[in-house]
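The structure appears below as structure tokens.
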């Protein structure tokens, strides 16, 4: 399932919930006695939407999780493979090694299974000895019991030639029938490209048995919290009932909340301040030509003069010099005026001991 399909299915589920809500809003027309019918409608639509719209999305969550994890993870993963012995084992290993992102392919040997046990221990020993000497790429043959043997291959040995030697040994030296052969290998691959590598390995004649590493660990951790399909359907039904209930009582809820807000509303300190206006500046107030000084219109008014700095001019150095010159001239004029007044006063004041006629003043004697 691609991303577009998932988005469409989610939109359809949301539309189903909107349908439930809008149906519940018809309470004034259908009456509150039909509350049970509205709940049943929400339950049925929710269950159907969960079963046909959300469940397919849940099935694809692991794939999306893998894609997201691969974009951020680093390191390598170990992929356990089961190689088909019906084909050329050497060619299969070479094909897997050539896949982009595969760093190494390692193998140990070939497992063989027989139909029945050997008649005697000598027959068993002779079979193992013949198998060891059948090919130079065989390092050892291990008897694992339960009619199973493991043919260990030397490092860098040709697995296809070993498989051919096994078939020849069974056909010429024993009377025991070969049940099946199998070979396992381990591939070290890049963790951030594991999905494409798995697809390419599957087309190369190998079966992926297990994948371990940081990618699978993170995916397993995320998938623990993903609900299964049954829980998703039940949750969808409950969600439909909740939406129907909210739509049914939405009017009562809004009425209750509005009353609660009115009761709990408190006057702010700004509302308690007495409104003051400047005459002939406010156009919105009840008084003509006045402005509210707490309103923004006070600052924008062309008539306001309180705190106005429209005629402000910044003083320059030349302004300061002219001001100093004018102050000094003013002081000279004032001092000249006062100096003339002082001279006139000195002329008019008579000398001590003389009168205005120029004759000396005689102080009469005091009679004791």
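The values are calculated or read from the model by the stated rules, or taken from the named source; none is laboratory data. Keep in mind that this is a model prediction, so the values were computed, not measured. Don't worry about glycine lacking a Cβ; one is built from the backbone with ideal geometry, like all the others, and counts go over all protein chains shown.
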>> Looking at 231, 223, can you tell me which residue is without any contact (Cβ under 8 Å) to a residue 24 or more places away in the chain and either under 23 Å from residue 67 (Cα atoms) or not assigned by TED's automatic domain parsing to the domain that holds residue 82 (or both)?
In response: 231
> Pairs under 8 Å by beta carbon, first residue farther than 22 Å from residue 47 by Cα in segment 241-263, partner at pLDDT 80 or above, six or more apart or different chains?
Replying inline: 250/24; 250/25; 253/246
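Quick grid of which residues meet (1) touching a residue at least 12 places away in the same chain (Cβ under 8 Å); (2) over 18 Å from residue 201 (Cα atoms):
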position	(1), (2)
103	yes, no
133	no, yes
150	yes, yes
157	yes, yes
161	yes, yes
172	no, yes
> If you check every pair at least six apart or on different chains, which have Cβ atoms under 6 Å apart with a residue in segment 24-39 that is surrounded by fewer than 11 Cβ atoms within 10 Å (Cβ to Cβ) first and a residue that is modelled with pLDDT of 70 or more second?
Replying inline: none
> Are any of the residues in segment 57-69 more than 30 Å from residue 131 (Cα to Cα) and assigned to a loop (DSSP other than H, G, I, E, B)?
Replying inline: yes
>> All but one of (1) within 30 Å of residue 139 (Cα to Cα); (2) within 31 Å of the chain's Cα centre (by Cα); (3) without any contact (Cβ under 8 Å) to a residue 60 or more places away in the chain hold for residue 98; state the number of the condition that does not hold.
In response: (2)
>> For residue 61, only one of the following conditions fails: (1) over 24 Å from the mean Cα position of the chain (by Cα); (2) surrounded by fewer than 16 Cβ atoms within 10 Å (Cβ to Cβ); (3) touching a residue at least 24 places away in the same chain (Cβ under 8 Å). What is its number?
In response: (1)
> Somewhere in segment 97-108, is a residue assigned to a helix (DSSP H, G or I) and either modelled with pLDDT of 90 or more or more than 30 Å from residue 227 (Cβ to Cβ) (or both)?
Replying inline: yes
> Is it the case that residue 85 is farther than 30 Å from residue 223 by Cβ, at pLDDT below 90 and assigned to a loop (DSSP other than H, G, I, E, B)?
Replying inline: yes
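Per-residue answers, yes or no, for (1) exposed (fewer than 15 other Cβ atoms within 10 Å of the Cβ); (2) farther than 30 Å from residue 73 by Cβ; (3) touching a helix residue (DSSP H, G or I) at 6+ places or on another chain (Cβ under 7 Å):
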site	(1), (2), (3)
125	yes, yes, no
141	no, yes, yes
162	no, yes, no
170	no, yes, no
182	yes, yes, no
189	no, no, yes
192	no, no, yes
200	no, no, no
203	yes, no, no
> Among 201, 207, which is under 27 Å from residue 104 (Cβ atoms), in a helix (DSSP H, G or I), at pLDDT 80 or above and over 33 Å from the mean Cα position of the chain (by Cα)?
Replying inline: 201
> Are any residues in segment 228-258 at pLDDT below 85 and not in a helix (DSSP H, G or I), and if so, which ones?
Replying inline: 249
> Does residue 44 qualify as being at pLDDT below 90, assigned to a helix (DSSP H, G or I) and more than 23 Å from residue 206 (Cα to Cα)?
Replying inline: no
>> Quick check on segment 144-196: of everything there that is closer than 22 Å to residue 86 by Cβ, in a strand (DSSP E or B) and modelled with pLDDT under 90, which residue is nearest to the chain's Cα centre (by Cα)?
In response: 180
